[in-house]
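Readers should treat all values here as calculations from the given coordinates under stated rules, not as data from a laboratory. Everything numeric in this text was worked out from a predicted model, so none of it was measured. Cβ sites come from the backbone with ideal geometry, for glycine too, and all protein chains shown count toward neighbours.
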Amino acid sequence: MLYKLLNGMLLFQQLPSFFYTRKDATTWLLMHTGMHEWLLNNYTGCVLFDIVFYMMPLLYLCVCSLSKRFSSATAIIMFMVNFIYLQCYTLYPGSSIEAYIGWMLFPIAFVPNNEKTFGYLFQGLRYVLLYIFVSSAMWKIVQGGLFNTEQMSGVLLYQHADFLNSSPGYWQSAMLAWLIEHSFISYMLYLSVALLQFSCITGFFTKKYDKALLSFILVFFIADYFIMRIVFFDLAVLMLPLLKWKELKTGEQ
């Protein structure tokens, strides 16, 4: 929240004036409510949406502290709030819904009052993160990018053309220009990322290497931020199940 606030990325700071329609049936159902249109150029509505979304975890914590009787209902409300907010937020230019899938799914783990069921759902979220990384590696293979040594240079040029023209003297521009010019080195980075992503497949069979996967994924998020200028840190919430939770009851011995 603080990162988005300081970088002018909250909904009220962007104050959307138009939207684009995704090819997604679930999104279309939401759009039939007209909620995304109501938020256009609606400063008060955007502020309200931001406050409700970022206050929901605190509300859930307060409810659990007072009485666990209403925790399931609060978790369901939190899921609905997250779903609606993020659907609307990513309908406006500048954000991709893929980066926020963790915030959409995470409240589901808190719906059951049964600790064992929570453990299963919580650990189930790890497979969402692993799937995202493994499928990304598979996509590079299927689309042939992994077999093209000019792929990464082309991606960088396409991704940063406006940035390179507007800020040619900036250190990041110099770094990107160097990578574009040295296509073999940029391809080796691309290949390394693909191998890193594909290594996440081990997480489907064992938790033995979770610590290494955590390190790999964190390095990927940081590198993606500096090299691709893409902020995927919201997905980091899905890294929590990869940590060691000895007290978590998941039915595993």
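Structural remarks
- Taken residue by residue, the stretch 88-97 has no member that is over 22 Å from MET31 (Cβ atoms), surrounded by 14 or more Cβ atoms within 10 Å (Cβ to Cβ), touching a helix residue (DSSP H, G or I) at 6+ places or on another chain (Cβ under 7 Å) and of a type in the set (A, V, I, L, M).
- 3 or more residues within 30 Å of GLU115 (Cβ to Cβ): qualifying helices (runs of 4 or more DSSP H) within the stretch 12-99: 43-66, 71-89
- Top-ranked residue of the stretch 127-152 - restricted to ones that are aromatic (Phe, Trp, Tyr) and exposed (fewer than 14 other Cβ atoms within 10 Å of the Cβ), ranked as farthest from CYS200 (Cα to Cα): PHE147
- LEU157 vs. criteria surrounded by 18 or more Cβ atoms within 10 Å (Cβ to Cβ) and closer than 18 Å to PHE226 by Cβ: no
- Among residues of the stretch 81-126, those that are over 16 Å from the mean Cα position of the chain (by Cα), of a type in the set (Phe, Trp, Tyr) and under 26 Å from THR202 (Cα atoms), counted: 3
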